[in-house]
Amino acid sequence: MQTGGPVSTLQKVQVPDIGDFQDVEVIDILVSPGDKVSIEDSLITLESDKAAMDIPAPMAGIIKEILVEVGSLVSEGAVIVILETEADADVDVDVPPAAVVPSAEKATVETPEPAVSSEPAKSPYAAPSSAEHPGHPHPSEALKAGQLDFHAGPAVRKLAREQRVDLNKVVGSGRRGRITADDVEAFVKQSIAKKKDQKEGLLMPPAPAVDFGKFGEIEVQPMKRIQKISARNLHRNWITIPHVTHFDDADITDLEAFRKKHNEAAQEKTDRLTLMPFLFKAIISALKKFPVLNASLDPAGENLILKKYFHIGMAVDTENGLLVPVIRHVDQKSLQELAADMRELTLKSRTGGIKREDMQGGCFTISNLGGIGGTGFTPIVNAPEVAILGVPRAAIRPIYQNDQFVPRLILPLSLSYDHRVIDGALAARILAHICELLTDIRKML
């Protein structure tokens, strides 16, 4: 029993019951020392192979010390932060002595041995159960069921409960895919629009649920996080953008001769060039000549936002799924600088070092499958961009020139575009301009 005025105490906040999961990775730290937090404010974000979840503050207070960092592996009972709280001294303060120390002391606290009881004691640091808070499933239940495959703070979750929104279906626009209040509101507006379209008969009926197991042996393989995010974005872009794809061929015989000659003379291996820097240069010329190609529709679909900067994304195939890092200010860089940027971003994408900001701000995207094969494909526009260039493999073809057939290296190209912004004639001119530059690199360089 303590008497007098409010008493400052330091308390350890531990990882609550997360089921059978061990060594779960910390992927985000949402607070800093000195931050004031309320009950259930998110402190850190954990991610297992099945789901992601936030660890909430079990009480209000001020963050004194953070004991983990991004990349740390934690299990149930691990201390993650030291929290300074105020307890009213006129009331009983019944807390474990090792978890509460005077405010003047350092937060070097040891975990007390648990008392033996006929019933399992409820940890003072345990997250609320699903029965206590229907909108917040218990961490162990969430991780097992994969129900918390999103990052969202308590305020956003409260808004989602009020709006009856399933946060698993919302694509977050915040840092590390975190869901914001704006994302929830946008989802609600989109849902209302879908219901209206459904009444008007514009939506396809849902796909039937099939029990494939009755036909033979099956294996259920969960999609990776990046794959699920990509799938949502691609599906949204496909159903909301009226796609058209225009095809043309570029004769890159002279370009390839120039590139090989350059690479043979290169002093360092890093000075060698692939086809991609040349494609970037041709795209920049097209973006400048046809400003509508470097535009985006506003959310209302009533205005075009013309960009005065030139950032280009490139699709990178990784083990975890498709990523689109963005190279910035392409118009200000040489072929060698572009090649160096591409190597760096490709390596970061495939080794897990890519950041969210590295994939934002693109004006146009190139999807190059030439290293794999194919004679053509129709890429999906990467909204809010209005066009994307598909690049399959080049091949030698007999081309009729000067009364005879001659072998030429031909690169087929496909330009998918948003027909609300770009019409067919303009798309043909854009791709013809790109092909012209690739055919005669003197005009490009």
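Quick notes on this structure:
- Given (1) surrounded by 15 or more Cβ atoms within 10 Å (Cβ to Cβ); (2) touching a helix residue (DSSP H, G or I) at 6+ places or on another chain (Cβ under 9 Å), number of the condition L297 does not satisfy: (2)
- Take the conditions (1) basic (K, R); (2) crowded, with 16+ Cβ neighbours inside 10 Å; (3) modelled with pLDDT of 90 or more; K261 misses just one of them, which is (2).
- For region 235-248, the criterion of being modelled with pLDDT of 95 or more, within 29 Å of the chain's Cα centre (by Cα) and of a type in the set (K, R) is met by no residue.
- Which numbered condition L409 misses (of (1) closer than 22 Å to H311 by Cβ; (2) buried (at least 17 other Cβ atoms within 10 Å of the Cβ); (3) in contact (Cβ under 8 Å) with a residue 60 or more places away in the chain): (1)
- Consider region 166-194 and keep the residues that are among the β-branched types (V, I, T) and closer than 23 Å to G301 by Cβ. The one that is surrounded by the fewest Cβ atoms within 10 Å (Cβ to Cβ) is I192.
- The strands (runs of 3 or more DSSP E) falling completely within region 301-416 that include 3 or more residues that are of a type outside the set (A, V, I, L, M) and closer than 15 Å to L279 by Cβ map to 364-368.
- When region 157-184 is filtered for residues that are part of a helix (DSSP H, G or I) and within 18 Å of E47 (Cβ to Cβ), the ones remaining, listed by number, are R157, L167, N168, R175, R176, G177.
- In region 243-253 there is at least one residue that is in the same structural domain as P392 (by TED's automatic domain parsing), touching a Lys or Arg at 6+ places or on another chain (Cβ under 7 Å) and not in a loop (DSSP other than H, G, I, E, B).
- Per this entry, T274 is counted among residues that are of a type outside the set (G, A, S), within 30 Å of I396 (Cβ to Cβ) and assigned to a loop (DSSP other than H, G, I, E, B).
- Applying the criterion of being assigned to a strand (DSSP E or B) and under 13 Å from V15 (Cβ atoms) to the residues of region 49-79, the residue that is modelled with the highest pLDDT is V79.
The values are calculated or read from the model by the stated rules, or taken from the named source; none is laboratory data. In this text, all values refer to a predicted model and were calculated from it rather than measured experimentally. Virtual Cβ from ideal backbone geometry, glycine too; neighbours counted across all protein chains shown.
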